[in-house]
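These notes are about the structure you will find just below.
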Amino acid sequence: MLALDIGGTKLSAAWIEGQRCIDRRQVAMRHDETGFLTALREVTQSDYPIERVAVAATGYLREGCVWSVNQNTIPFWKGFPLGLVLEQQFNCPVIMLNDAQAAAWGEFLPRREQRANLLFITLSTGVGGGLICDGKLRIGPHGLSGHIGHATVNIAPMDPKSGTCGCGRTGCLEHVASGTALARQASALFGRPLNSRQLFALAGTNPQADAILNNAARAVAQAIADTLMVVDIEEVVIGGSVGLADGMLARVQKALQELPELFKLPVTPALGGGDAGLLGVADWAQHQ
Ligand code: ADP
Ligand code: BMX
Ligand code: ZN
């Protein structure tokens, strides 16, 4: 099986034989159709026989096509026929899930003896989410289940001219707590281009950098509390390069501890690390 994880920043591929990963590759994601098709061919070029392709993709999936919620992330994801492209390339069945939904499934597997209701959050290029309800992955009639990045929080971004989220609304969690949003806020506040990794490096010594991350963590905690009240969950799992970056999980845990007793849920890191989506979709596809 070929498993793909297509995120806003990186495109990962893993070749799986039985339960074993026999090869693994990663390239930068490209945000135009031609660039994407080139990157896809480059990362999947191999002589391994492929019987099935399992895809975890940023965006929501409907009838084999993928759509961006945040139009700024991948502008050409507007009903892009990803399923058909891969079916034609590999001549085999293609199974697709949203990336955060796939990771939610992957993180549920090792916890399934203890938990039946789980929220997975990825803090990455965007902010994604996936829900396990009563032991089942919820996808939803529009493929949108778990998209907490575009649920609103009453915590504003720290850059005064933050504008609107790429989904068209204001006040989205993603506009405060994604890697893209962290970089935007840091660059505006420090008056020079800074990425999310550089912001984390500064946060140890610089109170303003520290405040941007704490503000983001408070927004994530608020979204967790809202999800608890809407669907009722037992645990929250955090993944993505920002979620797994130094100290971010602790900041979210602290922010949740500041809420009333009822909202204090366990928050744990993704056991699959950056591969949570790949692992989840590979298992999902094996059982379809
Ligand atoms: P994707 O969104 O493609 O799944 P990632 O989970 O790697 O990819 O998330 C990408 C985002 O994480 C980018 O905004 C990037 O700047 C940020 N990032 C990557 N590595 C780190 C790090 N070590 N610390 C903080 N932010 C990071
Ligand atoms: C965005 C949205 C979600 C995705 C989430 C995390 C797009 C293109 N994607 O909210 O579908 O799950 O980002 O994705 O609108 P990533 O790109 O950070 O991995
Ligand atoms: Zn939004």
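A few notes on this one:
- Tally of residues being crowded, with 17+ Cβ neighbours inside 10 Å, within 10 Å of ligand 3 (Cβ to nearest atom) and assigned to a loop (DSSP other than H, G, I, E, B) across segment 134-174: 7
- Number of the condition not met by ALA177 [criteria: (1) more than 16 Å from ligand 3 (Cβ to nearest atom); (2) within 18 Å of the chain's Cα centre (by Cα)]: (1)
- Within segment 121-135, considering residues that are among the β-branched types (Val, Ile, Thr) and within 16 Å of ligand 1 (Cβ to nearest atom), the one nearest to GLY171 (Cα to Cα): VAL127
- For ASP99, the conditions (1) acidic (Asp, Glu); (2) surrounded by fewer than 24 Cβ atoms within 10 Å (Cβ to Cβ); (3) within 16 Å of ligand 1 (Cβ to nearest atom) all hold with the exception of (2).
- Test set (1) in contact with a Lys or Arg (Cβ under 7 Å, 6 or more places away or on another chain); (2) more than 20 Å from CYS92 (Cα to Cα) - GLU33 fails condition number: (1)
- Of all residues making up segment 14-28, the number that are of a type in the set (S, T, N, Q) and more than 16 Å from GLN45 (Cβ to Cβ): 1
- Filter result for GLN89 (out of contact with any His (no Cβ under 9 Å at 6 or more places or on another chain), in contact (Cβ under 8 Å) with a residue 24 or more places away in the chain and closer than 18 Å to HIS142 by Cβ): no
- Of all residues making up segment 252-288, the number that are out of contact with any strand residue (DSSP E or B) (no Cβ under 9 Å at 6 or more places or on another chain) and surrounded by fewer than 21 Cβ atoms within 10 Å (Cβ to Cβ): 10
Any read-out appearing in this document is the output of simple, stated calculations on the displayed coordinates, not a laboratory observation. Everything quoted here is computed from the prediction, not taken from an experiment. Cβ: placed from backbone, ideal geometry, glycine included. Neighbour counts: every protein chain shown.
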